[in-house]
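The values are calculated or read from the model by the stated rules, or taken from the named source; none is laboratory data. What you see is a predicted model, and the numbers here were worked out from it, not measured in a lab. Methodologically, a virtual Cβ is constructed for each residue, glycine included, from the backbone with ideal geometry; neighbour enumeration extends over all protein chains shown. Remember, those area values only see protein heavy atoms, side chains included, never the ligands or the DNA or RNA. Shrake-Rupley method; radii C 1.70, N 1.55, O 1.52, S 1.80 Å.
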Amino acid sequence: MDDENFEVDHEGYLDVRYNGWTEVDSTIFSLSDTVLSLDLSFNRLLSLPDDIGCMVQLTRLNCSCNALESIPSSIGNLILLKELKMNGNKLSCIPDDIGKCQAIKTLYLNENKLRQIPDSIRQCRNLVELHLQNNRLVSLPFVSLSSLQKTLEIVNVANNPDLSIIPQKVAENTKVIMWILIFLSEKTSLSDRIRKSTMDTSALAECNKMKIQEIKQRVDELQRQEEHYHEENDSIKYFLKAREKYRKIKCWFHKWNAFRKEMIARKRRMSVSR
């Protein structure tokens with residue numbers, strides 16, 4: 001398509017619907033400074049290029065009714081984005097980077113093949129509308145969504161037959177849906193606290209077990225030291241008794257030797273006198 005056909009109106013709106021595109025014309029990205037609202041709906045787009053992330057001035061992006069199977073992670077660069085329409089595609093997952101679009105208020109993800117929503121949705125703190133009907137959801141990040149209860153006014157999960165946590169009768173009733181999500185979140189939080197408490201108790205028991213083992217080893221060591229002390233004590237007693245006997249024998253020997261010398265001297269004196 002020629003540049004002259006890309007007409008951005010005074011409000012920054014660029015309408016490129018119904019062109020039969022299978023890929024986005026790269027010329028659009030040269031208008032990133034002026035385009036505030038980009039409408040790519042009702043084409044045949046198979047994918048969005050990473051360059052969509054350079055359209056940092058975008059506040060609205062409409063890619064509905066195409067054949068998109070994924071959203072590039074560069075979507076996270078669109079921090080001014082307030083409305084994102086991705087309904088009527090073939091999306092099977094949403095990138096975690098959607099959480100970086102913290103200004104977003106309206107998110108249309110209905111009529112796709114989504115089975116789950118990323119936990120990063122909790123970072124979209126200004127989210128007011130979340131449209132998820134006609135997907136293949138099997139679960140919802142209820143902890144993340146319940147954290148948005150102050151801003152979320154519309155949540156629609158109708159026609160997700162495998163989503164067991166939300167009864168189909170109330171799948172369009174935002175108040176009931178939020179009540180269920182908050183209840184599940186609190187239940188999970190309580191379960192986590194109980195699990196943590198159990199783990200702490202187990203850890204304490206294990207610690208006590210280790211302490212008891214350590215004390216037992218110390219007691220065994222003291223008992224061995226005591227036995228060794230008794231052995232040493234017996235040896236000392238034996239040595240002291242032996243030394244005492246030796247002293248007595250030595251004293252007796254000195255006395256006997258002195259007596260013997262006295263007798264020899266006396267005998268000599270008697271011989272001389274004769």
Over the stretch 12-162, with neighbouring protein chains present, the accessible area per residue in Å² at probe 1.4 Å is 44
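Once you've got the Cα coordinates, tell me which of 85/175; 85/150; 82/150; 85/187; 82/175 are over 27 Å apart. Can you show the working numbers first?
Numbers: 85/175 23 Å; 85/150 22 Å; 82/150 17 Å; 85/187 33 Å; 82/175 23 Å.
Distance filter (> 27 Å) returns 85/187.
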Can you pull the one-decimal nm distance between simple spin-label points at residue 162 and residue 26, each 7 Å off the Cα toward Cβ? 3.8
Counting only Cα, what are the radius of gyration and maximum Cα-Cα distance Dmax of the stretch 1-160, in Å? 15.3, 49
How do the peptides 173-179, 106-112, 261-267 rank, highest first, by the average count of neighbouring beta carbon atoms within 10 Å per residue? 106-112, 173-179, 261-267
Which GluC sites (Glu not before Pro) does the stretch 1-82 hold that lie in a coil by DSSP with at most 16 other beta carbons within 10 Å? 7, 11, 23, 69
Starting at 0 and stepping by 10 Å, how many percent of the alpha carbon pairs of the stretch 75-191 end up in each bin? 15, 50, 32, 4
Give me the percent of the accessible area of the stretch 3-46 that comes from carbon and sulfur atoms, probe 1.4 Å, all protein chains in place. 43
